[in-house]
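Input: a single structure, listed below in structure tokens.
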Amino acid sequence: MSTTISPRDALWREDLRKARSAKERTSIARVKMPELDPAYRVTCNEEVNCGLSSEAAVIEATRCMDCPDPQCVTGCPVGINIPGFIKNIERGEFGQAARVLKETSALPSVCGRVCPQEKQCESRCIYHKMKKEPVAIGYLERFAADFDRASGGEAAVIRPESNGIMIAVVGSGPAGLSFAGDMAKRGYDVTVFEALHEIGGVLKYGIPEFRLPNSVVDVEIRGLEELGVRFVKDTVVGKTLSYDDLHEMGFRGIFVASGAGLPRFMGIPGENYIGVMSCNEYLTRINLMGAGHAGYDTPVMRGTRVAVIGGGNTAMDAVRTARRMGAETAMIVYRRSEEEMPARVEEVKHAKEEGVEFLTLHNPVEYLADEKGRVNMMRVQRMELGEPDASGRRLPVPVEGAVEDIPVDMVVVSVGVSPNPLIPNAISELEVSRRGTIVVNEGTMQSSISDIYAGGDIVRGGATVILAMGDGRRAALHMHEALSR
């Protein structure tokens, strides 16, 4: 754990621990996040969660016990000094809290909004042993980062002197940005190549603004630019530039973070009908390209009865987007029960508040269309849960004879993604798994080619923002060690 700033043995932290008893701290109820009213928020793209007030943040930070062996840190893939930043909030030093965050995290405002803290840092909180709600680490992370942004970024990391070594990053999603930030802090000249016309990767094209405003992502990117990171858009490494081109340009290390943007379908009849599309396409058109909004010409299909197939966070993003795009009925169709859904509990809660219907234990088996080839019916098979599969979740099995037809006029398929194949296809010597992911040493993130490291979804095949960031940090550490020999 990084403790350069705000170590636990600092006198002010010792005084803070003595200021309240454990009984006093544990008697405080966890704060609630203020939210926009559901009836209003489905009419716009404004952020649903409104953030904590400074008073609420201090109260929540006071709950933290400042444990001598903080298990919350072990649950964080980027190793944030969680008690260090929280205790700064408790004493009212909000800018210092942001500095502690920025020691290890390139994207604290992002992580405070989209990380599944309930499965990571908060799941390790000592409050669970007391049968109480954990400290709201995610809310506090967002608070500190937002305070820093509102105050002009006073917690900016100082740009180090350049060591003259050029490093290339392929992709500007969370893995690429995290890697770029850590390498820039070490003095490397980092250039990030992005295939699209906006920087941010999945943070821009995949996550709706009602969950993660683009303005928040842009501020994090500006912070990296101030560190010296250079961004080049509209450049497809593997097409526009080759591996050999990067060498000729003087790059001594390459980090591949090209993500998993290849849509996956179920292979059932009718998927080629008009109105059946991938979640990637649907969200990218709206989130990145402004489809359906004033001043943008990007076309997008609209439906009055929209079915989204899947139960992950991306499926929740799509179905909630459909409501905002005018769908009178928007439903999640998921083959397992709600308890098995991988989506965050908060996202499911928000979807229900916004009028989304949940058709669980059902699986599409065919789509039907009208005479013009537009989908108008979804044939679904009712399922029941059998024995656990490899993921540990109970395997859904069909209920014999339980098939029904449900009217729909649009279907968004969100059943997973596959890695972008450009880089693996362009470099024949690169070892690739049968799933198309780049094979790396899990400890160092180094690939079969010594100067290529990789992380994020191109390695994992689809995971969370924070796990991708952890990959980026680990790759930066080990590439730095290799280049320093």
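The values are calculated or read from the model by the stated rules, or taken from the named source; none is laboratory data. Predicted model, so just to flag it, every value in this text is computed and none were measured. Quick reminder, even Gly has a Cβ in these numbers, built from the backbone with ideal geometry, and neighbours come from all protein chains shown.
Here are the numbers:
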read-out: Matching entry among Gly355, Gly326, Gly303, Gly311 (being of a type outside the set (Asp, Glu), at pLDDT 95 or above and touching a Phe, Trp or Tyr at 6+ places or on another chain (Cβ under 8 Å)); value: Gly311
read-out: Identity of the residue in segment 173-203, at positive phi and under 18 Å from the mean Cα position of the chain (by Cα), that ends up surrounded by the most Cβ atoms within 10 Å (Cβ to Cβ); value: Gly201
read-out: Every residue from segment 313-326 that is surrounded by fewer than 24 Cβ atoms within 10 Å (Cβ to Cβ), over 15 Å from Glu353 (Cα atoms) and in contact with a strand residue (DSSP E or B) (Cβ under 9 Å, 6 or more places away or on another chain); value: Met325
read-out: For Gly472: the one exception among (1) farther than 17 Å from Gly261 by Cβ; (2) touching a strand residue (DSSP E or B) at 6+ places or on another chain (Cβ under 7 Å); value: (2)
read-out: One residue from Gly443, Gly461 being touching a helix residue (DSSP H, G or I) at 6+ places or on another chain (Cβ under 8 Å), over 21 Å from Ser242 (Cβ atoms) and either basic (Lys, Arg) or not assigned by TED's automatic domain parsing to the domain that holds Met277 (or both); value: Gly443
read-out: Residue identified as crowded, with 17+ Cβ neighbours inside 10 Å, among the acidic types (Asp, Glu) and either outside the structural domain of Leu477 (by TED's automatic domain parsing) or at pLDDT 95 or above (or both) among Glu35, Glu55, Glu14, Glu93; value: Glu93
read-out: Filter result for Lys129 (surrounded by fewer than 22 Cβ atoms within 10 Å (Cβ to Cβ) and either out of contact with any Cys (no Cβ under 7 Å at 6 or more places or on another chain) or not aliphatic (A, V, I, L, M) (or both)); value: yes
